[in-house]
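Asks: Here it is: the structure, laid out below.
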Amino acid sequence: MKILSVNAGSSSLKFTLFDMPEEKELISGVFERIGIENSFYTIKLNGEKIKKETELKDHKAAFELLVKELIDNKIVDSLDEIAGIGHRIVQGGSYFDKTVLATEDNISIVEKLSSLAPLHNPAAVVGIRAAQSVFPNATQTLVFDTAFHQTIEKDRFLYPVPYNWYTDYQVRKYGAHGTSHRYVAKKLQEELGRDDLNIISCHLGNGGSITAISCGKCVDTSMGFTPHAGIMMGTRSGDIDVSMVPYVMEKEGKSAGEIMNDLNKKSGFLGISGLSSDSRDIEDGIKEGNERCILAQKMFVNSVIKYIAQYYVLLGHVDVIAFTAGIGEKSISTRSDIIERLAPLGIEIDPEENNVRGKFKKISSKKSSVDIYVVPTNEELMIAEDTLNLIK
Ligand code: ADP
């Protein structure tokens with residue numbers, strides 16, 4: 001059965017087509033600059049990457065072009081072979097704790113939640129509508145980044161602020177990257193043959209979050225009301241003292257929106273290094289002795305171990321610390337910098353085993369008190385799996 005996993009942004013559309021339940025990836029790609037000039041798309045097929053420039057009027061045009069590529073490349077004979085389409089949705093509020101069918105009622109809740117994710121939810125709805133019109137016979141599902149975190153208890157999802165902020169305006173922790181953390185937990189449970197694992201899952205990409213998981217359920221996560229909170233990231237500050245916002249607004253004569261932009265797009269690795277948001281550039285800078293890159297890396301590691309230590313205590317005992325996403329899967333030196341700081345907990349890396357990129361592997365030493373694993377994430381597959389389960 002063929003299932004399409006879709007991630008729609010305001011001007012982009014990422015997709016991966018799977019043959020399920022074999023979990024075979026047939027084709028993937030991204031349409032970019034939809035609705036603006038110089039639009040193009042890239043597809044990955046049989047290990048080859050192809051880029052094509054073409055006009056993309058809207059998301060519907062992108063889906064129509066996708067159908068044409070699928071037929072031209074003999075991946076399907078007709079679009080009716082696509083049995084299901086799973087849509088990634090950033091914000092599901094307190095409404096969704098699992099993947100659901102894209103009924104009109106559910107889509108209208110996603111629209112209603114747009115004030116909590118103004119850049120993402122409206123774009124996702126555009127994607128759903130376009131998919132519905134191009135694939136009228138496919139089962140469409142909504143897969144929420146926040147759903148996995150709905151098991152967090154109230155004493156951990158609330159902020160110590162006036163209570164009516166929660167009751168009147170839904171101010172609380174929602175978290176993000178839930179689909180990735182859920183995949184990591186599931187993969188570890190399957191590989192280790194245990195469903196009672198206590199896991200600290202570190203999703204370290206351009207955005208990053210750390211999640212405490214017990215028996216496959218989320219206990220706490222580092223991102224908050226928005227993905228801004230938690231650890232330092234590529235361009236986001238992570239946790240800060242909010243009092244600096246009005247202070248810098250006055251100093252620089254900026255609006256709250258402009259300061260938020262600085263905190264979202266000009267902070268983190270980029271803000272501190274003054275060089276790049278990409279950890280590969282930071283690593284190069286460190287090799288060249290660049291003080292600001294050295295500082296950025298130290299600050300990143302500080303912020304990560306703060307959460308690992310906190311969740312270690314919260315969980316009581318930890319079976320696995322998992323590293324995933326771009327930095328977690330591929331930065332050998334960052335994993336090593338983080339684990340080195342966990343020595344007081346008896347946690348130790350094996351430098352030889354750690355010499356790995358993008359593969360499922362145990363990287364802790366034999367005497368480490370906690371096992372450490374690299375677990376390449378696959379949010380797209382999780383979306384396809386959820387969709388398959390709902391079709392069944
Ligand atoms: P996103 O959060 O955008 O999905 P990814 O999970 O793909 O991001 O992670 C992207 C980040 O991973 C890059 O910005 C870079 O910092 C880091 N990264 C990717 N490859 C490597 C590598 N070989 N070594 C170190 N860092 C890497």
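The values are calculated or read from the model by the stated rules, or taken from the named source; none is laboratory data. This one's a predicted model, so the numbers in the text were calculated from it and none came from an experiment. Heads up, the Cβs are rebuilt from the backbone with ideal geometry, glycines too, and the neighbour counts pull from every protein chain shown. Calculation scope for accessible area: heavy atoms of the full protein, side chains included, ligands and nucleic acids excluded. Shrake-Rupley method; radii C 1.70, N 1.55, O 1.52, S 1.80 Å.
Asks: Among the residues of the range 303-325, is there at least one that is within 16 Å of the ligand (Cβ to nearest atom), under 22 Å from Ser267 (Cα atoms), assigned to a loop (DSSP other than H, G, I, E, B) and at pLDDT 95 or above?
Replies: Within the range 303-325, not a single residue is within 16 Å of the ligand (Cβ to nearest atom), under 22 Å from Ser267 (Cα atoms), assigned to a loop (DSSP other than H, G, I, E, B) and at pLDDT 95 or above.
Asks: Is it fair to say Lys359 is part of a loop (DSSP other than H, G, I, E, B), open to solvent by 40 Å² or more (accessible area, probe 1.4 Å) and within 21 Å of Glu22 (Cα to Cα)?
Replies: Yes: the conditions hold for Lys359.
Asks: Mind checking which residues of the range 63-88 are open to solvent by less than 60 Å² (accessible area, probe 1.4 Å) and assigned to a strand (DSSP E or B)?
Replies: Result: Ile82, Ala83, Gly84, Ile85, Gly86, His87.
Asks: Also, I was wondering about something else. What is the number of the single condition among (1) part of a loop (DSSP other than H, G, I, E, B); (2) over 24 Å from Asn121 (Cβ atoms); (3) open to solvent by less than 90 Å² (accessible area, probe 1.4 Å) that Gln91 does not meet?
Replies: Exception for Gln91: condition (2).
Asks: Still on this structure, please answer the following. Applying the selection to the range 11-28, what residues are without any contact (Cβ under 8 Å) to a residue 40 or more places away in the chain, assigned to a strand (DSSP E or B) and open to solvent by less than 90 Å² (accessible area, probe 1.4 Å)?
Replies: Scanning the range 11-28 gives a single hit, Asp19.
Asks: Filter the range 326-336 down to the residues that are open to solvent by less than 10 Å² (accessible area, probe 1.4 Å) and assigned to a helix (DSSP H, G or I), then identify the one that is farthest from the ligand (Cβ to nearest atom). So that I can check it myself, show each step before the final result.
Replies: Going through the range 326-336, the residues open to solvent by less than 10 Å² (accessible area, probe 1.4 Å) turn out to be 328, 331, 334-335.
Subsequent filtering for residues that are assigned to a helix (DSSP H, G or I) retains 328, 334-335.
Working: Gly328: 8, Thr334: 7, Arg335: 10 Å.
Here the residue is Arg335.
Asks: Looking only at the range 168-186, filter to residues that are within 16 Å of the ligand (Cβ to nearest atom) and out of contact with any helix residue (DSSP H, G or I) (no Cβ under 7 Å at 6 or more places or on another chain); which one of those is nearest to Ile372 (Cα to Cα)?
Replies: Of everything passing the filter in the range 168-186, Val184 is nearest to Ile372 (Cα to Cα).
Asks: Another question, if that's okay. Looking at Thr377, Thr334, can you tell me which residue is of a type outside the set (A, V, I, L, M, F, W, C) and under 19 Å from Asp145 (Cβ atoms)?
Replies: Thr377
Asks: Shifting gears a bit: Quickly run through the range 241-286 and pick out the residues that are more than 16 Å from the ligand (Cβ to nearest atom), open to solvent by 70 Å² or more (accessible area, probe 1.4 Å) and under 17 Å from Asn206 (Cα atoms).
Replies: If the condition is that a residue be more than 16 Å from the ligand (Cβ to nearest atom), open to solvent by 70 Å² or more (accessible area, probe 1.4 Å) and under 17 Å from Asn206 (Cα atoms), then no residue fits.
Asks: Determine which single condition Gly193 fails, assuming it passes every other condition in (1) open to solvent by 10 Å² or more (accessible area, probe 1.4 Å); (2) within 13 Å of the ligand (Cβ to nearest atom).
Replies: All conditions pass for Gly193, except number (2).
Asks: Just one of (1) in contact with a strand residue (DSSP E or B) (Cβ under 6 Å, 6 or more places away or on another chain); (2) at pLDDT 95 or above trips up Gln91, so point out which.
Replies: Condition not satisfied by Gln91: (1).
Asks: Then there's this: Being hydrophobic (A, V, I, L, M, F, W, C), open to solvent by 20 Å² or more (accessible area, probe 1.4 Å) and more than 18 Å from His181 (Cβ to Cβ) is true for just one of Ile294, Ile339, Ile347. Which residue is that?
Replies: Details: Ile339 fails: open to solvent by 20 Å² or more (accessible area, probe 1.4 Å); Ile347 fails: open to solvent by 20 Å² or more (accessible area, probe 1.4 Å).
That would be Ile294, the only listed residue that is hydrophobic (A, V, I, L, M, F, W, C), open to solvent by 20 Å² or more (accessible area, probe 1.4 Å) and more than 18 Å from His181 (Cβ to Cβ).
Asks: Could I ask something else about it? What pairs come up if the first residue lies in the range 233-258 and is closer than 21 Å to Leu119 by Cβ, the second is in a helix (DSSP H, G or I) and of a type in the set (A, V, I, L, M), and their beta carbons are under 6 Å apart, counting only those six or more places apart or on different chains?
Replies: So the pair list comes out as Thr235/Leu270; Ser237/Leu263; Val245/Ile259.
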